[in-house]
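Here it is, the structure in full.
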Amino acid sequence: MDEERTEAWWGRRAWALLSAVRERAPLVQCITNLVSMDIAANALTAAGASPAMLHCLREIPDFTPRCDAVYINVGTLSEDWLPSMRAAASAGRPWVLDPVAVAASGFRMEACLQLLALRPAVVRGNASEILALASSSDSSSSSFKGVDSSHDSGEALQASKALARSSGAVVAVSGAVDFITDGEQVVSASNGVALMQKITATGCAVTALIAAFVGADPSDALAATACALAIFGLAGQIGMESAKGPASLRMHLIDALYGLDEQTVTSGVKIALVL
């Protein structure tokens with residue numbers, strides 16, 4: 001690294017990136033699963049970005065090149081949407097891949113490997129997804145648990161570094177502690193609360209937020225990813241103060257994301273250099 005990235009540096013960087021999103025309102029095309037469209041769009045809007053849930057293949061040549069970033073999520077993958085995903089990933093804009101349940105089927109694994117070959121800026125998944133994608137395993141050789149993870153994020157650290165080196169992408173492994181790597185550097189983001197795991201598609205929403213941060217400043221995808229993860233987790237912590245359960249946490253998380261201020265962000269994000 002060119003400069004020492006202390007806790008204070010990360011706090012300033014996180015605020016600068018959130019401010020950039022709010023000022024520039026990056027247009028993020030989301031080809032995402034049907035379950036996550038609502039929370040992803042609301043999280044992006046609350047953060048200051050402009051979501052576009054557009055997946056029609058015929059619109060991609062006109063629309064995608066005008067976007068600041070693209071978010072591709074294979075949660076409800078279909079043969080009809082896969083050509084749109086490939087076309088959007090090939091449109092020359094920075095893009096982020098969420099390989100949801102990648103080991104669920106051979107078709108899903110092959111689709112994700114094809115997308116990975118199109119050079120995403122970032123890949124974010126849980127530990128099981130990253131382990132499976134890194135090893136190009138199928139469902140018969142993986143410990144598979146749907147969209148949930150059966151592994152701790154730390155278990156996938158070496159696999160994430162290998163995947164980052166082979167793909168050229170920044171790889172983020174979500175868990176109680178998130179790990180983000182470019183294949184050499186590793187940083188951790190430790191914000192969030194356990195109840196966020198009981199809200200469907202929070203992982204999908206934070207990947208969309210990563211895309212917005214990358215779109216606002218594509219020059220440092222590792223920092224953008226770490227800061228997006230920490231800020232989303234911080235919003236969850238603040239939302240938890242008023243929540244009574246998963247449904248109210250979802251609402252309060254989005255409110256908190258909208259209302260984050262400089263003092264809260266700079267003092268609240270927990271990002272640290274691991275390696």
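The values are calculated or read from the model by the stated rules, or taken from the named source; none is laboratory data. Predicted model only: the values in this text are computed from it and were never measured. Heads up, the Cβs are rebuilt from the backbone with ideal geometry, glycines too, and the neighbour counts pull from every protein chain shown. The accessibility values were calculated without ligands, DNA or RNA, using every heavy atom of the protein model including side chains. Shrake-Rupley method; radii C 1.70, N 1.55, O 1.52, S 1.80 Å.
If I stretch the segment between Lys198 and Arg24 completely, what's the gain in nm (0.36 nm per residue apart, minus their alpha carbon distance), one decimal? The partial results should precede the final answer.
Details: separation 174, 0.36 × 174 = 62.64 nm, distance 3.19 nm.
Extra length available between Lys198 and Arg24 comes to 59.4 nm.
Considering only protein heavy atoms, what per residue accessible area in square angstrom results for the chain with a 1.4 angstrom probe? Intermediate results must be reported in sequence, preceding the final value.
Details: 11110 Å² over 275 residues.
Normalised by residue count, the accessible surface of the chain is 40 Å².
Once amide H atoms are built 1.01 Å from N in the peptide plane, which residues 5 or more positions from Val186, or in another chain, come under 5 Å H to H?
Correct list: Val274, Leu275.
Could you work out how far apart the two model spin labels at Thr76 and Asp261 are, taking each label as a point 7 Å from the Cα in the direction of the beta carbon, and quote it in nm?
It is 3.9 nm.
Which part of the range 1-31 falls in the paramagnetic zone of Arg66, meaning amide N under 12 Å from the point 7 Å along Cα-to-beta-carbon?
27
Oh, and also: For the chain, which whole percent of the accessible surface, found with a 1.4 angstrom probe, sits on carbon and sulfur atoms? Numbers along the way, then the final one.
On the way: 5560 of 11110 Å².
Answer for the chain is 50 percent, counting heavy atoms of protein chains only.
Contour minus end-to-end for Ala247 and Asp38, with contour as 0.36 nm per residue of separation and end-to-end as the Cα-Cα distance? Walk me through the intermediate numbers first.
On the way: separation 209, 0.36 × 209 = 75.24 nm, distance 1.36 nm.
Gain in length upon complete extension: 73.9 nm.
Got the relative contact order for the range 1-135 handy, in percent, Cα pairs under 8 Å and 6 or more residues apart?
Here the relative contact order equals 20 percent.
Only one of the listed values, (1) 62; (2) 77; (3) 46, was derived from the coordinates as percent of Cα pairs over 23 Å apart; which label is it?
Here the calculated entry is (3).
Also, I was wondering about something else. Any chance you could get the radius of gyration and Dmax over the Cα atoms of the range 152-193, in Å?
9.7, 32
Also: Give the span of the range 179-222's Cα atoms along each principal axis, as three whole-Å numbers ordered largest to smallest.
That works out to 33, 22, 14 Å along the principal axes.
Something else about it: For the range 7-273, what does the relative contact order come out to in percent, with C-alpha contacts under 8 Å and a separation of six or more?
Over the range 7-273, the number comes to 23 percent.
Going highest first, how would you order 70-76, 112-118 by mean Cβ packing within 10 Å?
Details: 70-76: 24.4, 112-118: 17.9.
Highest to lowest by the protection proxy: 70-76, 112-118.
Right, something else. Solvent-accessible area of Trp15, probe 1.4 Å, all protein chains present, reported in Å² to the nearest ten, please.
The value for Trp15 is about 50 Å².
I need the helices of the chain that pass two filters: whole DSSP H segments spanning 24 Å or more by Cα along the axis, and mean Kyte-Doolittle score no lower than 1.6. Present the calculation step by step, with values, prior to reporting the outcome.
Working: long enough: 7-24 (25 Å, -0.55); 221-240 (28 Å, 1.74).
Correct list, ordered by number: 221-240.
May I pose another question? Run the numbers on the range 196-241 and let me know its relative contact order in percent, using alpha-carbon pairs under 8 Å that are six or more apart.
34 percent
At what distance in angstrom do the alpha carbon centres of the range 1-33 and the range 37-115 lie from each other?
The two parts, judged by their Cα centres, are 20 Å apart.
Taking K and R as +1 and D and E as -1, what net charge do the other residues with C-beta under 14 Å from the C-beta of Leu77 add up to?
Values: positive: Arg86, Arg108; negative: Glu79, Asp80, Asp98, Glu110, Glu129.
Its environment carries a net charge of -3.
Hey, can you rank 214-222, 56-64, 261-269, 229-237 by average C-beta count inside 10 Å, highest first?
Details: 214-222: 21.0, 56-64: 14.4, 261-269: 16.2, 229-237: 26.0.
Put in order of decreasing packing, that is 229-237, 214-222, 261-269, 56-64.
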